[in-house]
Amino acid sequence: IEEARKIMHLAHTHTPRLRVGLWHCKMDSHEQQVVRDRFEKQPFELDMLIQVKMCSEGYDHPPVNIVTLFKVVRSPLVFIQAMG
């Protein structure tokens, strides 16, 4: 989560117009829902979502164009799920 916060800070610093959200497993359920709603809302309120252990499996949001994994992926299944 701390590393995700650093990435969010870098995004804000280097591309101030980029609307970035952070969604992680230690947020309370209300905070999680607010971020998810902003990410899924039409028109989009977020350009980028940084998530930690939240939507790696079983989450489908078709407008996602790029998925970047900031961890070593040893299992092909994890990679395939992220791509799906």
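Considering every residue within the stretch 9-30, establish whether at least one is within 23 Å of Val78 (Cβ to Cβ), exposed (fewer than 15 other Cβ atoms within 10 Å of the Cβ), touching a strand residue (DSSP E or B) at 6+ places or on another chain (Cβ under 7 Å) and at pLDDT below 90.
yes
Quick check: is even one residue across the stretch 63-71 open to solvent by 100 Å² or more (accessible area, probe 1.4 Å), at pLDDT 85 or above and of a type in the set (Lys, Arg)? Even if it seems obvious, please write down each step before you answer.
Let us first name the residues in the stretch 63-71 that are open to solvent by 100 Å² or more (accessible area, probe 1.4 Å), namely 65-66, 70-71.
Filter once more, keeping what is at pLDDT 85 or above: none.
The answer is no; no qualifying residue exists.
Looking at the stretch 30-43, which of the residues that are of a type in the set (S, T, N, Q) and farther than 23 Å from Glu3 by Cβ is nearest to the chain's Cα centre (by Cα)?
Gln33
Can you name the condition, by its number, that Ser56 falls short on among (1) touching a helix residue (DSSP H, G or I) at 6+ places or on another chain (Cβ under 9 Å); (2) polar (S, T, N, Q); (3) modelled with pLDDT of 85 or more?
(3)
Name the single residue, out of those in the stretch 31-48 being touching a Leu at 6+ places or on another chain (Cβ under 6 Å) and free of Cβ contacts under 8 Å to residues at least 24 places away in the same chain, that is least open to solvent (accessible area, probe 1.4 Å).
Looking at the filtered set, the residue picked out is Phe39.
The values are calculated or read from the model by the stated rules, or taken from the named source; none is laboratory data. Since the model is a prediction, treat every value here as computed from it, not as a measurement. Positions of Cβ are backbone-derived with ideal geometry, glycine not excepted, and every protein chain shown enters the neighbour counts. Heads up: the accessible areas ignore ligands, DNA and RNA and are worked out on the full protein's heavy atoms, side chains in. Shrake-Rupley method; radii C 1.70, N 1.55, O 1.52, S 1.80 Å.
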